[in-house]
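Just below is one structure, and these are the notes that go with it.
The values are calculated or read from the model by the stated rules, or taken from the named source; none is laboratory data. Quick caveat: nothing in here was measured; it's all calculated off a predicted structure. Glycine also receives a Cβ, built like all others from the backbone with ideal geometry; neighbour counts cover every protein chain displayed.
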């Protein structure tokens, strides 16, 4: 291919990547602020795309758009989680391992400039029956998460399996919805009386430690 | 008005009330199983209404439909909650008051015949930015809930206000999402190894007791 054609081709790919990124950022914000019933057409318009079907062109269908938003944030969160696992090493301290479970997402969000939308987006995806499996699949694709869950399994109190499952589900719910709520409060009332990210992380680790160590009543 | 016209009028009102009820039940199920992005047109069709705009005719807009689904269940839940408040009387037992907070919804759902959808519907309404205020307004319209929250305020450990708020939010989230998940598991795997409703209620009260009594770390 002559150099000129290659450069034209490169420029076209750059433009497509930039448009894709713009659609991802816009869709995440709209879903976070207005809900998953926002249409692809509304996303295209808000991203300044003259073509109403640009979401379809760049992502195929809605499921692929949601998957791409999830995957956009996975690598940096996974890097933080892997560091926490390395730091925890061989400790038997339940709080440290609950911390390695809880901390990656809020520490990543706190590191981003400006308001974030990903926690609220994630909460809606987690609750919507059409996307729930996708969100779980994305979360469980993390190698370091499996290490953490394995360590917690050995450290957590010995409970009958269905009760253990119930507490595991409660833990997952608090990990998702606590950050969605924290993000919402920060966005709506940035100067209000609220916990900062590290205080909120410590508060959730305390609460989960209490939840797991709670005695089982008759 | 002659007797015959009155009776024609009564029959028309009965038919309208039956159609309204059918749309409510259908919409709750579709929202629970497929998410809030299900359209009014899909709800009308699934309710067997030849007229695609029957949701609009009977409920005005989508917000009024969601409000009507919430309000359909409020009175029986409120009756159960008022009974629990009367039974708790003057006790200072934290578990009893957490129980009066947690038990009304699952005990109501457990009393219904067949599969239920309201908990999953409620979880989605609670997470969607467009309906969140409506769900909170509906919940807070319960007189007995205010009595319970006042009693808990005096019984719960003395914490700095933002941490207290964080634990209150976590409690609300677990009250909503625990039952949505329980309902989903019952629907998808009715014979699987899961807690029954009373065991799940006891498990949540135990977990919340541990969560509230957890010491605050530095």
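Numbers at a glance
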{"quantity": "Filter result (without any contact (Cβ under 8 Å) to a residue 60 or more places away in the chain and either buried (at least 22 other Cβ atoms within 10 Å of the Cβ) or in contact with a helix residue (DSSP H, G or I) (Cβ under 9 Å, 6 or more places away or on another chain) (or both)) within the stretch B:186-195", "calculated": "B:192, B:193, B:194, B:195"}
{"quantity": "Any chance residue B:151 is crowded, with 16+ Cβ neighbours inside 10 Å and closer than 28 Å to residue B:117 by Cα", "calculated": "no"}
{"quantity": "Within the stretch B:109-132, tally of residues that are part of a helix (DSSP H, G or I) and surrounded by 19 or more Cβ atoms within 10 Å (Cβ to Cβ)", "calculated": "11"}
{"quantity": "Restricting the stretch A:19-39 to residues that are away from chain B (no Cβ under 11 Å) and farther than 20 Å from residue A:109 by Cβ, the residue that is surrounded by the most Cβ atoms within 10 Å (Cβ to Cβ)", "calculated": "A:23"}
{"quantity": "Residue in the stretch B:173-188 that is under 22 Å from residue A:196 (Cβ atoms) and in the same structural domain as residue B:101 (by TED's automatic domain parsing) present", "calculated": "yes"}
{"quantity": "Boolean, residue A:69 is crowded, with 21+ Cβ neighbours inside 10 Å and touching a residue at least 40 places away in the same chain (Cβ under 8 Å)", "calculated": "yes"}
{"quantity": "Test: residue A:161 is surrounded by fewer than 16 Cβ atoms within 10 Å (Cβ to Cβ) and within 13 Å of chain B (Cβ to nearest Cβ)", "calculated": "yes"}
{"quantity": "Residues within the stretch A:1-27 that are assigned to a helix (DSSP H, G or I) and free of Cβ contacts under 8 Å to residues at least 24 places away in the same chain, tallied", "calculated": "18"}
{"quantity": "Answer residue from the stretch B:185-214, given it is at the interface with chain A (Cβ under 7 Å from one of its Cβ atoms) and not in a helix (DSSP H, G or I) and is modelled with the highest pLDDT among those", "calculated": "B:214"}
{"quantity": "Meets criteria (modelled with pLDDT under 90, buried (at least 17 other Cβ atoms within 10 Å of the Cβ), within 27 Å of residue A:201 (Cβ to Cβ) and more than 7 Å from chain A (Cβ to nearest Cβ)) for residue B:156", "calculated": "yes"}
{"quantity": "Residue B:103 being within 14 Å of another protein chain (Cβ to nearest Cβ) and in contact (Cβ under 8 Å) with a residue 12 or more places away in the chain", "calculated": "yes"}
{"quantity": "Selection within the stretch B:43-97 - in a loop (DSSP other than H, G, I, E, B) and within 14 Å of another protein chain (Cβ to nearest Cβ)", "calculated": "B:61, B:93"}
{"quantity": "Qualifying residue in the stretch A:93-101 (condition: at pLDDT 90 or above, buried (at least 19 other Cβ atoms within 10 Å of the Cβ) and within 26 Å of residue B:197 (Cα to Cα))", "calculated": "no"}
{"quantity": "Filter result for residue B:32 (at negative phi, part of a helix (DSSP H, G or I) and without any contact (Cβ under 8 Å) to a residue 12 or more places away in the chain)", "calculated": "no"}
{"quantity": "Pick from the stretch B:136-148, criterion surrounded by 14 or more Cβ atoms within 10 Å (Cβ to Cβ) and assigned to a helix (DSSP H, G or I), ranking: nearest to the other protein chains (Cβ to nearest Cβ)", "calculated": "B:139"}
{"quantity": "Residue within the stretch B:131-152 that is more than 30 Å from residue B:64 (Cα to Cα) and in contact with a helix residue (DSSP H, G or I) (Cβ under 6 Å, 6 or more places away or on another chain) present", "calculated": "yes"}
{"quantity": "Which numbered condition residue A:151 fails, given (1) more than 9 Å from every other protein chain (Cβ to nearest Cβ); (2) part of a loop (DSSP other than H, G, I, E, B)", "calculated": "(2)"}
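Every residue, every condition in (1) at the interface with chain B (Cβ under 8 Å from one of its Cβ atoms); (2) buried (at least 19 other Cβ atoms within 10 Å of the Cβ); (3) in a helix (DSSP H, G or I); (4) at pLDDT 90 or above, yes or no:
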residue: A:134; (1), (2), (3), (4): no, no, yes, yes
residue: A:168; (1), (2), (3), (4): no, no, yes, yes
residue: A:174; (1), (2), (3), (4): yes, yes, yes, yes
residue: A:183; (1), (2), (3), (4): no, yes, yes, yes
